[in-house]
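A.B. asks: I'd like to ask some things about the structure below.
The values are calculated or read from the model by the stated rules, or taken from the named source; none is laboratory data. In this text the structure is predicted, and so the values were computed from the model without any measurement. Just so you know, the surface numbers come from the protein's heavy atoms only, side chains and all, with ligands and any DNA or RNA stripped out. Shrake-Rupley method; radii C 1.70, N 1.55, O 1.52, S 1.80 Å.
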Amino acid sequence: VINKPSGIAVQGGSKIPKGQHLDAWMQHVVQDVALHGGKVQKPRLVHRLDRETSGCLIMAKTRETAEHLSSAFKDGRVDKMYVALVAG
C-alpha cells in the first residue's frame, strides 16, 4: 500500500510526459535492483487514483494477486471510504 500524494499520475496518458507516472517509476526501481544483482518483479497496480487525488494506492507483488484484488474492486467486494478535510 502506497500513500500517494496529489499531483502524481498513476499511469501514463496523452497529457502525462513520458515516464512521469508511478507505473514508470516502479519499472525504474526494478531495473535499479537488477543492476545491483537483485531480482524482483515489477509491482502491479490494483486500482487507480486520479492525478490530483491523494490516498492509499494498492499494488500487488504478482500478476495473480493483482488480478484477484482487481476483481474484488470491480465486483464491489471492497469498501472504499472517502474523507474530506474542510477548514472555514
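A.B. asks: Quick check for you: with a 1.4 Å probe and neighbouring chains kept, what is the accessible area per residue of the range 10-77, in Å²?
C.D. replies: 74 Å²
A.B. asks: Do the alpha carbons of any pairs in LYS4/LYS80; LYS18/LYS42; LYS4/LYS42; LYS18/LYS80; LYS39/LYS61 sit beyond 20 Å of each other, and which pairs?
C.D. replies: LYS18/LYS80
A.B. asks: At 222 nm, what helix-only mean residue ellipticity would the chain give, in deg cm²/dmol to the nearest 500, using -39500 (n - 2.57) for each DSSP H run of four or more?
C.D. replies: -9500 deg cm²/dmol
A.B. asks: If you don't mind, there's one more thing I want to ask. With every protein chain in place, what's the accessible area of LEU69 (1.4 Å probe, Å², nearest 10)?
C.D. replies: It works out to around 60 Å².
A.B. asks: Who wins for biggest fluctuation among LYS61, LYS15, LYS74 in a Gaussian network model of the chain, springs between alpha carbons below 10 Å?
C.D. replies: Per the Cα network of the chain with a 10 Å cutoff, LYS15 tops the list.
A.B. asks: With contacts defined as alpha carbon pairs under 8 Å and 6 or more residues apart, what's the relative contact order of the chain in percent?
C.D. replies: In percent, rounded to a whole number, it is 29.
A.B. asks: Keeping all protein chains in place and using 1.4 angstrom, which order do SER70, SER6 fall into by accessible surface area, from largest down?
C.D. replies: Descending order: SER6, SER70.
A.B. asks: Give me the angle, in degrees from 0 to 90, between the Cα long axis of helix 63-74 and the longest principal axis of the Cα atoms of the chain, rounded to the nearest 10.
C.D. replies: It is inclined by approximately 10 degrees.
A.B. asks: Same structure, new question: Using a Gaussian network model of the chain with C-alpha springs under 10 Å, which one of HIS28, HIS68, HIS36 is most mobile by mean-square fluctuation?
C.D. replies: Of HIS28, HIS68, HIS36, the Gaussian network model singles out HIS36 as fluctuating most.
A.B. asks: Between helix 22-35 and the chain, what is the angle of the helix's C-alpha long axis to the longest principal axis, kept within 0 to 90° and rounded to the nearest 10?
C.D. replies: Once rounded, one gets 30 degrees.
A.B. asks: Same structure again: Computing the accessible area with a 1.4 Å probe over protein heavy atoms, can you report the carbon and sulfur percentage for the chain?
C.D. replies: The C+S portion of the solvent-accessible surface of the chain is 54 percent.
A.B. asks: Then there's this: Please state the relative contact order of the range 1-40 as a whole percent: Cα pairs under 8 Å, 6+ residues apart?
C.D. replies: Averaging sequence separation for qualifying contacts and normalising by length gives 25 percent for the range 1-40.
A.B. asks: In whole Å, largest first, what are the principal axis extents of the Cα atoms in the chain?
C.D. replies: 52, 30, 24
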